[in-house]
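The structure under discussion appears below in the form of structure tokens.
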């Protein structure tokens, strides 16, 4: 005789006082915009998929699903079968049952099992009648039963009774997938008892409504019984280890739940191949169903303030320190060691993986590096970089070495993967690169991402007076535009936003700004723009004419942000505020080159001397193929040319 589990929970809403929610405020306006919340008696339940058939550590996936579910705090949890690996005799079966129940007993709410083929099928000598049915009912519960909860009924069916003629159990044979008359009669009686329920939910292991699985047509008579009841809302199955929704038939929703640790044919979450559980919210008028991947529910109490701040600290401050960088020969060849050190700035251990990103002809050995760093510890990483030079087409397709830095923060009991960072190694250009094509040019910028970038440590500009100058011919000046800037509550910038000119220097903790009040730059016209700081005053010039001045003195506030030419850096050094058009003849000099209200604009850049910090004539030979634009000053700063910045034959010569 199959035992019937008596109802465990029955909460009736009748007789309870109705809630009358109100919106309380001391304000007179806006109250009508706020909607009142729903006041019906809603609750939730969770449905777990198969556990078995997966790797041995699949039990860990189940344990994580239990932890996730405790955070969601539903009223109850159902499974859809295959709780143990089974296909064995009783001693092994009992061990697996104890393992499963050990994980599930950590749930803070009641859970209800469904029998699957792994839970029932026997392999080995001494097979008893019904195979493991007796073991299942002794250790998990009845093979079929129903419970009541909050005016809803939950019915668990047994889909592996076997062939009624032979007793054979085989889920692949339609004859063995028929419901017995005993269970069918019980189901009919139970649905009659539940006729006054708000909702009825069914759970079974095999999704026998999926005809492509070869189950035969026995489910049709079950469905007709469910449809006749009129209040069956949804049916949940498992077995196939992937999620699917088979639509609504006669008002009944059909769901198949994927896996909580079982074997997956492939990892394709968006196609339903994943470890997940279904979360069902029940209201009088209907249900909503969501699938949550296992491990995606977070406990906010585990994200302590100390952990949050330390993770942010590690992410912001973790970066390579370059000890040795390989040289580039005249034909673009590289053969040398890239030596770096990494220091853990956090309070917990971290694991780093350095993965080169370049493809042939650049080759790295080894193909990755792995480091584990204790808090405050440092460690080296070395990669050999090789690239064959090309004598026929020097620097064709030349790239700077790039690598991806992956960091796992090892918190207490959890590994936190931080966002990946990509680094480009700024190699020094060869002294005399062999590049075809010569002659004057200009830097063409796309207004989207094209610009030049010069690391702060390569800008040899001391404190005190200095001059910044450049030529510009823009297609558009609207919005914020940076001509030469490394500003961020510090340093200096020469801006051309909305056609106005601003020259800013951060002195003694605040900006001094010489700016025009109206646009002075015309589109599609070459202009010479200069900013001069003489130690007591800032002056801005356009085409040799003074357009703005501002008193200012003090020590220039430094930062570690890059100098962006044709743009501006944000607080993280990201390139923004791009110029759309051409710039040419960029020059930064020590000292105030001009002091009066007017000066004669030089036809070409003056030669570099001891006061020249940066000189960029943008000759075509310096920018056509190389990733740098060559600095002709003694400093050899050579700013990096980003995509969207190209050197063309068009120039500012008049």
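So the values come out like this:
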item: Count of segment 289-301 residues which are surrounded by 12 or more Cβ atoms within 10 Å (Cβ to Cβ) and in contact (Cβ under 8 Å) with a residue 40 or more places away in the chain; result: 6
item: Residue count for segment 531-576, restricted to those that are part of a strand (DSSP E or B) and surrounded by fewer than 16 Cβ atoms within 10 Å (Cβ to Cβ); result: 3
item: Strands (runs of 3 or more DSSP E) enclosed by segment 368-485 - at least 2 residues per element that are in contact (Cβ under 8 Å) with a residue 40 or more places away in the chain and within 32 Å of the chain's Cα centre (by Cα); result: 378-387, 402-411, 414-417, 421-424, 442-446, 452-454, 482-485
item: Subset of segment 67-91 (residues that are assigned to a helix (DSSP H, G or I), touching a residue at least 12 places away in the same chain (Cβ under 8 Å) and over 15 Å from residue 112 (Cα atoms)); result: 67, 68, 70, 71, 72, 90
item: Exclusive hit being assigned by TED's automatic domain parsing to the domain that holds residue 91, out of contact with any helix residue (DSSP H, G or I) (no Cβ under 6 Å at 6 or more places or on another chain) and more than 18 Å from residue 89 (Cβ to Cβ), set 111, 122, 144, 186; result: 186
item: Subset tally (residues that are more than 42 Å from the chain's Cα centre (by Cα), assigned to a loop (DSSP other than H, G, I, E, B) and more than 23 Å from residue 91 (Cα to Cα)) for segment 168-183; result: 5
item: Residue match in segment 149-162 (condition: farther than 30 Å from residue 73 by Cβ, surrounded by fewer than 21 Cβ atoms within 10 Å (Cβ to Cβ) and in the same structural domain as residue 75 (by TED's automatic domain parsing)); result: no
item: Members of segment 200-214 that are crowded, with 19+ Cβ neighbours inside 10 Å and either out of contact with any helix residue (DSSP H, G or I) (no Cβ under 6 Å at 6 or more places or on another chain) or not in a loop (DSSP other than H, G, I, E, B) (or both); result: 200, 201, 202, 203, 204, 205, 206, 207
item: Boolean, residue 357 is in contact with a strand residue (DSSP E or B) (Cβ under 7 Å, 6 or more places away or on another chain), under 22 Å from residue 324 (Cβ atoms) and modelled with pLDDT of 95 or more; result: yes
item: Residue 97 vs. criteria over 30 Å from residue 128 (Cα atoms) and surrounded by 21 or more Cβ atoms within 10 Å (Cβ to Cβ); result: no
item: Complete set of residues in segment 147-174 that are free of Cβ contacts under 8 Å to residues at least 60 places away in the same chain and farther than 19 Å from residue 236 by Cα; result: 162, 163, 164, 165, 166, 167, 168, 169, 170, 172, 173, 174
item: 1 or more residues under 18 Å from residue 76 (Cα atoms), in contact with a helix residue (DSSP H, G or I) (Cβ under 7 Å, 6 or more places away or on another chain) and touching a residue at least 12 places away in the same chain (Cβ under 8 Å): qualifying strands (runs of 3 or more DSSP E) within segment 222-288; result: 276-283
item: Looking only at segment 135-146, and only at residues there that are buried (at least 20 other Cβ atoms within 10 Å of the Cβ) and touching a residue at least 60 places away in the same chain (Cβ under 8 Å), the one that is nearest to residue 86 (Cα to Cα); result: 143
item: Segment 364-378, residues that are farther than 12 Å from residue 409 by Cα and surrounded by fewer than 16 Cβ atoms within 10 Å (Cβ to Cβ); result: 365, 366, 367, 368, 370, 376, 377, 378
item: Complete set of residues in segment 343-357 that are in contact (Cβ under 8 Å) with a residue 40 or more places away in the chain and surrounded by fewer than 17 Cβ atoms within 10 Å (Cβ to Cβ); result: 347, 349, 351, 353, 355, 357
item: Residue satisfying condition, being exposed (fewer than 15 other Cβ atoms within 10 Å of the Cβ) and under 25 Å from residue 146 (Cβ atoms), within set 51, 108; result: 108
item: Residues of segment 497-530 satisfying the condition of being part of a strand (DSSP E or B) and under 42 Å from the mean Cα position of the chain (by Cα); result: 502, 503, 504, 505, 506, 507, 510, 511, 512, 513, 515
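Okay, residues lined up against (1) farther than 16 Å from residue 275 by Cα; (2) in a loop (DSSP other than H, G, I, E, B):
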site: 64; (1), (2): no, no
site: 94; (1), (2): yes, no
site: 100; (1), (2): yes, no
site: 108; (1), (2): yes, yes
site: 118; (1), (2): yes, no
site: 135; (1), (2): yes, no
site: 138; (1), (2): yes, no
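The values are calculated or read from the model by the stated rules, or taken from the named source; none is laboratory data. Everything quoted here is computed from the prediction, not taken from an experiment. Virtual Cβ from ideal backbone geometry, glycine too; neighbours counted across all protein chains shown.
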